[in-house]
Amino acid sequence: MDEPLSNRFHYEPPLTPWLTVLHADDDILVLAKQYGLLCVAGKPAEHGDCLESRARAKYANARIVHRLDRETSGVVIMAMNPKAHRHLGLQFERRKIRKRYVARVWGRMKDDRGIVDQPLSCDWPNRPKQMIDPENGRPAQTEWEVLAREENATRLLLSPLTGRSHQLRVHMLSLGHPILGDGFYATGPAFAAAKRLQLHAESLTLHHPSDGTLRTFAEPCPF
C-alpha cells in the first residue's frame, strides 16, 4: 500500500549542511539546495525555514530568481541587487539560461534520446499537481538523453527548454517512466524504489549580469 500523502509531505527541513555556497560575488549568489528544503517560505509558520531565509541571514541582499521543488536538489541562483535580479529574470523569461538535470526513472527506456513536447496546466482538483492539457495547457518541451540503464530503472539527462511547474515530473510520467520516489506522480514500485525524488538540478549556464560572460555552475548528483 502506498504511503499517505500527508506523511510524504510533512515538512522537516534538513539542518546539515545549513547552507552550501557554490559562488558569491556582488551580483549573484549560487547555492546547492538539498533535498527536503523549500526554496521560499510557505504560508504556515512552520514553513518559514527555507533556502532564501538561510541565504539572507548571511547575504542580506540575496533575492530568489527561480525555484526548485522541495523534493528536488541542486543548483539555485539568487540575485544580489535589483539590476542583477532584472537581468537574470529576463534570461529565464527569454530562455537564455540552460538547465541540466539528472533523474532516475522507472523502467528501461528503449530509445537513447528524445524530446517531449506536451503542454501543461494545473490539475485544479488535485493541485499542486499538473497535467498534460493539449487544449488549454501552456507550451512545454523537455529534451532527454539516456546516461545509463539499470535493471529496473534508467538514468537520464534532462534539459528543459521551458520552465513549467512539475514539467520534468509530468513529462517523464507521460512517457510511462515516472521519476523514482516521486510522491505526486509515481505509485507502487516506482514510488517505493527510492527514499527521495530522484531528480537533481546538476547545472545552470547563464550570462553573468556584470559583463555578459557565459558561466556554468554545477553540483554533482548525490544519487
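The values are calculated or read from the model by the stated rules, or taken from the named source; none is laboratory data. Since the structure is predicted, the reported quantities are computational estimates derived from the model, not experimental observations. With ideal geometry, Cβ positions are generated from the backbone for all residues, glycine too; neighbour counts draw on all protein chains shown.
So M109 ticks every box in (1) surrounded by fewer than 17 Cβ atoms within 10 Å (Cβ to Cβ); (2) of a type in the set (A, V, I, L, M); (3) part of a loop (DSSP other than H, G, I, E, B) but one. Which box is left unticked? Tallying (1) surrounded by fewer than 17 Cβ atoms within 10 Å (Cβ to Cβ); (2) of a type in the set (A, V, I, L, M); (3) part of a loop (DSSP other than H, G, I, E, B), M109 fails exactly one: (1).
Applying the set (1) surrounded by fewer than 18 Cβ atoms within 10 Å (Cβ to Cβ); (2) touching a residue at least 12 places away in the same chain (Cβ under 8 Å) to L199 leaves exactly one unmet item: (1). Restricting R149, R104 to those that are surrounded by 17 or more Cβ atoms within 10 Å (Cβ to Cβ), closer than 17 Å to L199 by Cα, basic (K, R) and in contact (Cβ under 8 Å) with a residue 24 or more places away in the chain reduces the list to R104. Could you check segment 34-66 and list, in sequence order, the residues that are over 18 Å from L206 (Cα atoms), charged (D, E, K, R) and either in contact with a helix residue (DSSP H, G or I) (Cβ under 9 Å, 6 or more places away or on another chain) or at pLDDT 95 or above (or both)? Matches in segment 34-66: D49, E52, R54, R56, K58.
Condition check ((1) aromatic (F, W, Y); (2) touching a Cys at 6+ places or on another chain (Cβ under 8 Å); (3) within 23 Å of A194 (Cβ to Cβ); (4) loosely packed, with under 15 Cβ neighbours inside 10 Å) across all residues:
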site: E71; (1), (2), (3), (4): no, no, yes, no
site: V76; (1), (2), (3), (4): no, yes, yes, no
site: N81; (1), (2), (3), (4): no, no, no, no
site: A84; (1), (2), (3), (4): no, no, no, no
site: H87; (1), (2), (3), (4): no, no, no, no
site: R94; (1), (2), (3), (4): no, no, no, yes
site: W124; (1), (2), (3), (4): yes, no, no, yes
site: P128; (1), (2), (3), (4): no, yes, yes, yes
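Of the set (1) in contact with an Asp or Glu (Cβ under 8 Å, 6 or more places away or on another chain); (2) not in a loop (DSSP other than H, G, I, E, B), all apply to F92 but (1). For segment 152-173, residues that are surrounded by fewer than 16 Cβ atoms within 10 Å (Cβ to Cβ) and over 14 Å from the mean Cα position of the chain (by Cα) total 1.
Name the single residue that is farthest from H87 (Cα to Cα) among those in segment 14-50 being acidic (D, E) and surrounded by 13 or more Cβ atoms within 10 Å (Cβ to Cβ).
D49
Please tell me if L157 is of a type in the set (A, V, I, L, M), touching a residue at least 40 places away in the same chain (Cβ under 8 Å), part of a strand (DSSP E or B) and more than 16 Å from I115 (Cβ to Cβ). For L157, the condition - of a type in the set (A, V, I, L, M), touching a residue at least 40 places away in the same chain (Cβ under 8 Å), part of a strand (DSSP E or B) and more than 16 Å from I115 (Cβ to Cβ) - is not met.
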